[in-house]
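Taken together, the values in this text are just the output of simple stated rules run on the coordinates, not laboratory data. These figures come from a predicted structure and were not determined experimentally. All Cβ positions, even for glycine, are placed from backbone atoms using ideal geometry, and neighbour counts span all protein chains on display.
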């Protein structure tokens, strides 16, 4: 085995084990996993049993050829870890114990795999159901297998602590247990510890610290959920015996984190949901304890599993999902990241469309009639646009305007607004003389292009006999289709353009935004994305600069050497199995995912070292418009956790579900560019402004230099500190 292979396996099993512990709290934080592993050693027998079960499950999953991603994330081991710890609580270690631990670890692993395949089809998680089946199996067979010896640990706690750590550990335990903690808080802390089968204040304190560091939102949710359930017990005059002595209240804690911030975007609505479901969990705890008690079995996490799975299934079957309870589709294993990514996605892509539709012409045109216009865009045909070419005086023709040739747009080319198939085409209708209309053949000569299922574009009033395509042809975006005429219900030459859901020339219109275009304002263009032009606006397609297009056309296999003042990195471009493109830096083990749609280059995610040069380039080129037109400026919103960190962010995380008090705004424009026919350089400028409560916290300025071979370097300036990096394509 090569050193690289050994390193890979070591990292795989290290992450798999630590993530197995942190997964119990819906986390992939290795540090949190270490904290939880250490907590389990409050009882070394419990810890070693769980550790052994987790290692065995991971090795078995690897040997059986299961997905390394699932292994690394602890998906195959966290149920086995809990089952192993439970065995360590009930039984003493002997040969029979070791054999049964191995067999039950495999049983829980197979249950995890089997249930994942079934539950996954419904979009549901497995939760800790395999653990429950494993523990119930253990307790039932334990009554039959006399070779297992029941453990007496926990009866003589002081003696056990002395054997583990001497007088120091005894004193530490006495100090912690003797702290003047209010009874209600003590039950909360012991319930936290009970998740790892450690019913002590010490274990609860350590887990609490780890939880606060990992996620402030999760901590707040755990408190809200636990006390909501606890107070419901009191209001109903229920028995507190189970909560105070078995600490089964951890069901409130895990359910609140799961529903409040892990499976559902943290929000005011998700916090309300936590408050409402806690009493239901309390009811289940009481009812299920009676049922399971007849079999002599504990309920453990059964109420938590039932309420979370039922809630998620109910939400997934909604006909019309409501925004105040939004299910998470792309899991980050952090309530904060889930929230900030969702907010970022809504700011960036809320208006985005699956099919990008562009203007059907070259040059600058004026919207002579917009949506719901006062002439013909009414009723079923209200979502249409009419385009004309106007002079500085607002006239669409040169004097005298008595001939079609007097109109500026007459006989100009019409181009395909996006790739697609010609599914309808009408020709043979003669042009009207200016001021006249053909009401019998309303649409005149027209063409319909299918861009995808349920999305068609139509252009009408085309000049007879000018088609460059035929019915059934596949056309490319920007390809010339025909020339502008004055056929049909058209008093003067213009383009009638509409989007529709069906392939017929007479189909009703539908509201659908144009992807990217420029609007001339005060003589300068302004960038628009996924919007609808308004009547009177002068619009044009975005003119792409070939130098910028080449610089950001990153293809798999391309390598870059990047030099800083004190460090250097090598980047390589890859594409994964899902066709996601990314830049990889082996030195810092960092990944920057990006998209280039021909108009914009933008980064979508960054994973890795935030001190790396790649991270800084990811900030500088967060969203780049591939145009050098003067005045065109693109704005964007960054995820808060990308640029905001430290104690301030930690303090604000808890209020983030209720109010967006922190934001990071990005802006980019072309500062200058080579205006030759074959341009060779351009200079881009970008800026990031981080604000909290409306006050600027940080300002970052960037300059990106573009040369004939691509990005030749970039600058980053934060306050009075400036960094310079040079890039070379290898």
Take region 215-350, compute every pairwise Cα distance, and split them into 5 Å bins from 0; I just need the percent in each bin. 2, 11, 20, 21, 17, 12, 8, 5, 2, 1, 0, 0
Once you place label points 7 Å from the Cα toward the Cβ at residue 681 and residue 110, how far apart are they in nm? 6.9
For region 584-730, what is one quarter of the convex hull surface built on the Cα atoms, given in nm²? 10.3
Could you tell me the largest-minus-smallest coordinate of the C-alpha atoms of the chain on each of the three principal axes, in descending order and whole angstroms? 108, 60, 51
Suppose the chain between residue 701 and residue 322 were pulled fully straight at 0.36 nm per residue; how much longer would it get relative to their current alpha carbon spacing? 132.6 nm
At 0.36 nm per residue, and after removing the present C-alpha to C-alpha distance, how many nm does the segment from residue 607 to residue 94 gain when stretched out fully? 180.2 nm
Most packed first (mean Cβ within 10 Å per residue), the peptides 526-532, 396-402, 185-191 order as 185-191, 526-532, 396-402
Can you give the helix-only mean residue ellipticity at 222 nm for the chain, where every DSSP H stretch with n ≥ 4 adds -39500 (n - 2.57) and the sum goes over all residues, rounded to the nearest 500 deg cm²/dmol? -11500 deg cm²/dmol
FRET efficiency for residue 635 and residue 143, using Cβ-Cβ distance with R0 set to 56 Å, rounded to 0.05: 0.25
Protection proxy ranking of 551-562, 689-700 - average other beta-carbon atoms within 10 Å, highest first: 551-562, 689-700
So the FRET efficiency between residue 543 and residue 4, C-beta based with R0 = 45 Å and rounded to 0.05, is 0.45
Quickly rank 35-45, 502-512 as a protection proxy: mean count of other C-beta atoms within 10 Å, highest first. 35-45, 502-512
Angle between the Cα long axis of helix 335-349 and the longest principal axis of the chain, 0 to 90 degrees, nearest 10? 10
Relative contact order of region 394-507, pairs being alpha-carbon contacts under 8 Å that are 6 or more residues apart, as %: 35
Compute the separation of the alpha-carbon centres of region 294-326 and region 435-481 and state it in Å as a whole number. 52
With a 10 Å Cβ neighbour count serving as the proxy for reagent exposure, in which order, fewest first, do 223, 274, 141, 126 appear? 141, 223, 126, 274
What is region 546-729's relative contact order, in percent, from Cα pairs under 8 angstrom and six or more apart in sequence? 20
Over the chain, what is the mean sequence separation of C-alpha contacts under 8 Å (at least six apart), divided by residue count, expressed as relative contact order in percent? 8
Would you mind pulling out the separation of the Cα centroids of region 48-88 and region 366-384, in Å? 63
Output the 0 to 90 degree angle, nearest 10, between the alpha-carbon long axis of helix 44-63 and the longest principal axis computed from the alpha carbons of the chain. 40
I need the calculated FRET efficiency for the pair residue 579 and residue 354, taking r as the beta carbon distance and R₀ as 22 Å, to the nearest 0.05. 0.90
Shape metrics for region 274-400, restricted to C-alpha atoms - Rg then Dmax, Å: 28.5, 99
So how tilted is helix 95-119 from the main axis of the chain? Cα-based, degrees 0 to 90, rounded to 10. 20
Only counting other Cβ atoms within 10 Å, I'd like 588, 366, 678 sorted with the fewest neighbours first. 678, 588, 366
Stokes-Einstein, Kirkwood over Cα pairs, region 365-540, 4 °C, 1.567 mPa s; D in µm²/s equals 79
Name all residues of region 58-73 having a backbone nitrogen under 13 Å from the label point set 7 Å from the Cα of residue 337 along its Cα→Cβ direction, giving them as ranges. 73
Using 7 Å Cα-to-Cβ label points, what is the residue 276/residue 398 separation (nm, one decimal)? 6.8
Going by C-beta contacts inside 10 Å, put 28, 192, 327, 439 in order with the fewest on the left. 439, 327, 28, 192
Stretched fully, the stretch from residue 440 through residue 532 gains (0.36 nm per residue minus C-alpha distance, one decimal, in nm) 30.1 nm
